[in-house]
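The values are calculated or read from the model by the stated rules, or taken from the named source; none is laboratory data. Keep in mind that this is a model prediction, so the values were computed, not measured. Here the Cβ positions follow ideal geometry from the backbone for every residue, glycine too, while neighbour counts run over all protein chains shown.
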Amino acid sequence: MSILKTQAAALSRKSKGLLQAQVETSLTGTISHRLVLVVPALENYRYRLLRLHHSQAVYPVYIDESPVFVQGTTTWNPERRTETTVLEDEGSFRSWLRTVLAAPETKRILESLLAQAIA
């Protein structure tokens, strides 16, 4: 997913390489993406920040894992017995991603990893 890849590159650039972000994609009936933070200074420690999936049609996107809950986008998923965030189009996905990446919890995670990378 190019939107995630763009954000991963920006994060790596902004941290001057202390944190690297990667988008991992797998195909298992649906297309799954994970945004993973990698800390080279900590023996390539990996932290999965986001996990989402979609069909071949791309939208809607289903958010399976995120550091924060964004109100107004979550529905009950009876198949997984969990609440799943459903984003119907590119605009709502971009808005959701912007909100999540700017959230205090996400910033706390990034700051913690950066602090450990430079220690």
Practice problem: Scan segment 80-104 for residues that are assigned to a helix (DSSP H, G or I) and either of a type in the set (Ser, Thr, Tyr) or under 17 Å from residue 21 (Cα atoms) (or both) and jot them down. | Solution: 92, 95, 97, 98, 99, 100, 101, 102
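Yes or no, residue by residue, for (1) buried (at least 16 other Cβ atoms within 10 Å of the Cβ); (2) without any contact (Cβ under 8 Å) to a residue 60 or more places away in the chain; (3) more than 15 Å from residue 101 (Cα to Cα); (4) not β-branched (Val, Ile, Thr):
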| site | (1), (2), (3), (4) |
| --- | --- |
| 6 | no, yes, no, no |
| 30 | no, yes, yes, no |
| 54 | yes, yes, yes, yes |
| 66 | yes, yes, no, yes |
Exercise. Determine if segment 31-52 includes at least one residue that is at pLDDT below 95, of a type in the set (Ser, Thr, Tyr) and out of contact with any helix residue (DSSP H, G or I) (no Cβ under 9 Å at 6 or more places or on another chain).
Key: no
Exercise. Could you tell me whether any residue of segment 14-26 is farther than 18 Å from residue 101 by Cα and in contact (Cβ under 8 Å) with a residue 24 or more places away in the chain?
Key: yes
Practice problem: Select from segment 1-59 the residues that are assigned to a strand (DSSP E or B) and among the basic types (Lys, Arg) and write down the one among them that is nearest to residue 84 (Cα to Cα). | Solution: 51
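Got at least one residue in segment 93-106 being polar (S, T, N, Q), at pLDDT below 95, in contact with an Asp or Glu (Cβ under 6 Å, 6 or more places away or on another chain) and surrounded by 12 or more Cβ atoms within 10 Å (Cβ to Cβ)? Before the answer, list the steps.
Narrowing segment 93-106 to residues polar (S, T, N, Q): 95, 99, 106.
Imposing the further condition that a residue be at pLDDT below 95 reduces the set to 95, 99, 106.
So of that shortlist, the ones also in contact with an Asp or Glu (Cβ under 6 Å, 6 or more places away or on another chain) come out as none.
Within segment 93-106, not a single residue is polar (S, T, N, Q), at pLDDT below 95, in contact with an Asp or Glu (Cβ under 6 Å, 6 or more places away or on another chain) and surrounded by 12 or more Cβ atoms within 10 Å (Cβ to Cβ).
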